[in-house]
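Written out below as structure tokens is the structure these notes cover.
The values are calculated or read from the model by the stated rules, or taken from the named source; none is laboratory data. Note that the coordinates shown come from a computational prediction; the quantities given were computed from them, not determined experimentally. We place every Cβ from the backbone using ideal geometry, glycine too, and count neighbours over all the protein chains shown.
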Amino acid sequence: MRVSAALALLRSPVAPYFVNEFTSRRITVKRIADSTVRRLSVYLRFLEDSVQRGVRTISSEELARRGGTTSAQVRKDLSFFGSFGKRGLGYPAPELTASLRDILGLDRTWRVIIIGAGKIGTALAQYHGFRQRGFEVVAVYDTDARKIGGKWAGLLVRDIRHLQGDVAAEHPDIAVLTVPAEQAQAVAEQLVDAGIRAILNFAPVQLQLPADVTVRHVNMAMELEGLSYALTNRERDGAGA
């Protein structure tokens, strides 16, 4: 997996979707479809950009164009969480922005730890977009004695043997797993034993963890396969025309 590709995914509108899976009790309780949560993330990015440009009111048609959907779908997505705006008048952009941030669990600071001080882990620790979205990377862990004690992005690389005590003392909310596939399951179980209940997994393996642990898998190979499928079928359609 390329580090730049991993960071591009985190900068995309999909990133808040992962965040929401970790943080929003409302989504868990109401069992909102994953596709709806993804669209909420897209709406939020567009709304934030619009508010920065001084836009005060926005229509469902504008949100639909940005989200690649219909105005009816926008209204349905928002209706899961309450009543917003008035028919014919649109939505008050600042208020809707604040509501979506709350729905997606972005209205507070979340403490994040990174397991694996390799290239991907280091790049993620240096990514300023985390802090801008309310995520504070508080620690980086590794098993390599050559890395432990060194500084990565201003953070001291810690020995993973201290994980359980650190979690008990510092109460991180989310763990980002960037270890090799063959180590991922054991490290994930160690995280769960320490009390972590939200994991973003960059290792190319499906983790088997208790039902009360939320796991999101970032699999760049699968994303590329989706693109290759789209390109292949586009070429086939063109050949058959």
Identity of the residue in segment 47-56, free of Cβ contacts under 8 Å to residues at least 40 places away in the same chain and in a helix (DSSP H, G or I), that ends up farthest from residue 69 (Cα to Cα): 52
Search result, residues across segment 120-138 that are of a type in the set (D, E, K, R) and modelled with pLDDT of 90 or more: 136
All positions within segment 15-55 that are out of contact with any strand residue (DSSP E or B) (no Cβ under 9 Å at 6 or more places or on another chain) and at pLDDT below 70: 15, 16, 20, 24, 25, 26, 27, 29, 30
Pairs with Cβ under 6 Å, 6+ apart, first in segment 19-46 and more than 15 Å from residue 99 (Cβ to Cβ) and in a helix (DSSP H, G or I), second aromatic (Phe, Trp, Tyr) and modelled with pLDDT under 80: 38/17
